[in-house]
1. Mind ranking 10-17, 217-224 by how tightly packed they are, going by the mean number of other C-beta atoms within 10 angstrom, highest first?
2. Over the stretch 131-240, what is the mean sequence separation of C-alpha contacts under 8 Å (at least six apart), divided by residue count, expressed as relative contact order in percent?
3. Quick one: length gained pulling residue 273 to residue 147 fully straight, 0.36 nm per residue minus the C-alpha distance?
4. Which shape class applies to the stretch 1-94: rounded if a/c is under 1.5, otherwise prolate when a/b exceeds b/c and oblate if not, where a ≥ b ≥ c are the square roots of the Cα gyration tensor eigenvalues?
5. For a Förster distance of 30 Å, can you work out the FRET efficiency between the beta-carbons of residue 52 and residue 117, rounded to the nearest 0.05?
6. Considering only DSSP beta bridges whose two residues both sit in the chain, what percent are antiparallel, to the nearest 5?
7. What distance in nm separates the two pseudo spin-label positions at residue 16 and residue 62, each 7 Å out from Cα along the beta-carbon direction?
8. Work out, step by step, the length gained on full extension between residue 179 and residue 103: first 0.36 nm times the residue separation, then minus their alpha carbon distance; give nm to one decimal.
């Protein structure tokens, strides 16, 4: 298996602990849609969202896939001849994203502790997912002298799709990075000298409520809204779809293969439009 982050391992362990009473007594070849369905029904009765159950089933699917393709017994035979197919639940209960206006962002960030504000400001200006911001490491930084800037190249084992993720920094994100430089040896962001496992903690939740933002099961109130905010602002700034897709980090391969400094410069120009939008909005709010 590829290297996992600690937070990912912890989530997988929690998932398997939840599943243990239902399938822990079964042999690996007895785990399939039929034996998992009682667990799925149980989680739905508990009011658990289908997206959460899907993530849980994905852990089992990954294990069964490895058992059929990678893991071997002493006779070099796979543990399973084939991995079973799963029907992932969709109960049409997904919460809707809530992109932030500039004023809402200002109100929210003002309520956050400084270390979370730094992480959130970086996320909303790069579109980075929460776990990537939490795991961001100095060794991933690549200097680009031609642009007098740098980017972060996140290894595939830390990304959702297991593909390399390029983070391009506008002037706001660069300022955050420079403010953090030298404060920790390995990770960019932290609190009291230690990495922060996640943005979506009790402090974030309290800040969301105090800032007067909408809450409820039908609306996302977590930091994933920062990614939606980033995408929405790129569109409003007139950034072309192809560029927006690249900036949303669906990138596979090495930067030296896919992007020249000139091409990174084009991406940099696109994200810099967000700082221009922010400046104009802040002037309006102040007037």
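Quick note: the coordinates plus some simple rules give every number you see, no bench work behind them. Treat the numbers as computed from the prediction; the structure is a model and nothing was measured. As a convention, Cβ positions derive from the backbone with ideal geometry for all residues, glycine included, and neighbour counts pool all protein chains shown.
1. 217-224, 10-17
2. Result for the stretch 131-240 is 21 percent.
3. 43.7 nm
4. Cα axes put the stretch 1-94 in the prolate bin.
5. 0.60
6. 90 percent
7. Taking the two extended label points, one gets 1.1 nm.
8. Computed gain between residue 179 and residue 103 is 25.0 nm.
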